[in-house]
Amino acid sequence: MSFRTYKLKEIADYLDGEVIGDKEIEIRYIFPLDQANKNHLSFFYNKNFLNNLKNTKASAVILSKEFSGECHTNCVVVKNAHLAYAKATKLFKKEMSKTGIHPSASIEDKSLIDSSACIGPNSVIESNVRIGENVIIHGGAFLAEGTVVGENSIIYSNASLYEETLVGENCIIHANSSLGSDGLGFAINDSKWEKIEHLGNVRLENDIEIGAGCTIDRASSGETLLKSGVKLDNQVHIAHNCEIGENSIIGASTAIAGSTVIGARCKIGGGCGIVDNISIGDDVMITPMSFVTKSLKSKGIFSGGPILMKHENWLKNAASARRSTKK
């Protein structure tokens, strides 16, 4: 692991920000406002935490100009505090510095693994698996025959990639996720179920992050596709033949049924259920715990349980329901 400290001016330059206060103070790590102490950097982008800002013991705080007058310590003033905080975390990320293959790893063909890759203990890499530059495979991961992992991607412990799963560049797959398992594909045969063999695969484009414990089914034929920039929280399920558009983000415990197409830049809250064979257009936001039973063609915010409607209509109905319960 690598560790280092930064002068506040270095951090500000990296964030295209302006220092108010001591530019030379050393920063060792990032903490929330109420946990930070000397030599810690903190961040403020939600006015609900204004009291924490006024009482923080941090040596410096990332914030926007409108709140700089509320800060009694050093500041890094930026245009977008949330985005700047995200960028600042990369400075303090602890990176694995080692490369090579652990002796306990089982690998069919090492010639297909780039020399810069790191393969952790007890990993299983089957035949015809190609692993690109600077890939990190943590201990206990399983990569089945024909899998491809693009450069700079990371696969954490006990993740399973079934045969012919394709992972692009700069992807992250967290622990215990499964990519490429069969979906719920059966045909009724009298009173029994006839299995439909799943002959397709799963393909991830670039810059995708898959949370812990996610399950993504292989296509029955063709591919299940996650386009570049998609982010999944923990325990998300994506069924066979789904397509998730560029830069969409999906909250924890959401389940998307088969052959559903999600557009670009969608935001889907946690705990949602989305039925099969529908399409959701670009720039749609679905609030947590909603149940989506029909296609959504226009962008906007949608909420609801069994009945989906425009968010503003849902708020009115919810208010009406609350009033009726008080009578």
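Structure data summary
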| item | result |
| --- | --- |
| Number of positions in the range 258-275 that are assigned to a strand (DSSP E or B) and more than 21 Å from residue 180 (Cβ to Cβ) | 3 |
| Filter result for the condition that a residue is of a type in the set (A, V, I, L, M, F, W, C) and touching a Lys or Arg at 6+ places or on another chain (Cβ under 8 Å), over 202, 230 | 202 |
| Selection count, the range 80-89, where residues are surrounded by fewer than 19 Cβ atoms within 10 Å (Cβ to Cβ) and either part of a helix (DSSP H, G or I) or hydrophobic (A, V, I, L, M, F, W, C) (or both) | 5 |
| Residues (on the phi < 0 side of the Ramachandran plot, surrounded by fewer than 14 Cβ atoms within 10 Å (Cβ to Cβ) and either among the aromatic types (Phe, Trp, Tyr) or modelled with pLDDT of 95 or more (or both)) located in the range 1-17 | 3 |
| Verdict on residue 220 being within 27 Å of residue 160 (Cβ to Cβ) and more than 24 Å from the chain's Cα centre (by Cα) | yes |
| Some residue of the range 55-65 being more than 22 Å from residue 6 (Cα to Cα), in the same structural domain as residue 19 (by TED's automatic domain parsing) and either of a type in the set (A, V, I, L, M) or surrounded by fewer than 13 Cβ atoms within 10 Å (Cβ to Cβ) (or both) | yes |
| Residues that are of a type in the set (Val, Ile, Thr), under 21 Å from residue 158 (Cβ atoms) and in a strand (DSSP E or B), drawn from the range 236-257 | 238 |
| Flag if residue 125 is surrounded by 14 or more Cβ atoms within 10 Å (Cβ to Cβ), over 21 Å from residue 208 (Cα atoms) and touching a helix residue (DSSP H, G or I) at 6+ places or on another chain (Cβ under 9 Å) | yes |
| Number of the exception - residue 276 against (1) farther than 30 Å from residue 313 by Cα; (2) over 16 Å from the mean Cα position of the chain (by Cα) | (1) |
| The listed residue being in a loop (DSSP other than H, G, I, E, B), modelled with pLDDT of 95 or more, small (Gly, Ala, Ser) and more than 24 Å from residue 16 (Cα to Cα), out of 104, 115, 97 | 104 |
| Single condition residue 247 does not satisfy, out of (1) touching a helix residue (DSSP H, G or I) at 6+ places or on another chain (Cβ under 7 Å); (2) at positive phi | (1) |
| In the range 136-167, the residues that are surrounded by 19 or more Cβ atoms within 10 Å (Cβ to Cβ), touching an Asp or Glu at 6+ places or on another chain (Cβ under 7 Å) and under 17 Å from residue 116 (Cα atoms) | 150, 153 |
| Qualifying positions in the range 249-301 - within 18 Å of residue 208 (Cβ to Cβ), of a type in the set (Gly, Ala, Ser) and surrounded by fewer than 19 Cβ atoms within 10 Å (Cβ to Cβ) | 252, 264 |
| Residue within the range 276-283 that is outside any strand (DSSP E or B), among the acidic types (Asp, Glu), without any contact (Cβ under 8 Å) to a residue 24 or more places away in the chain and over 15 Å from residue 255 (Cα atoms) present | yes |
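The values are calculated or read from the model by the stated rules, or taken from the named source; none is laboratory data. Here the structure is a predicted model, which means the values were calculated and not measured. Glycine gets a Cβ as well: all are built from the backbone with ideal geometry, and neighbour counts include every protein chain shown.
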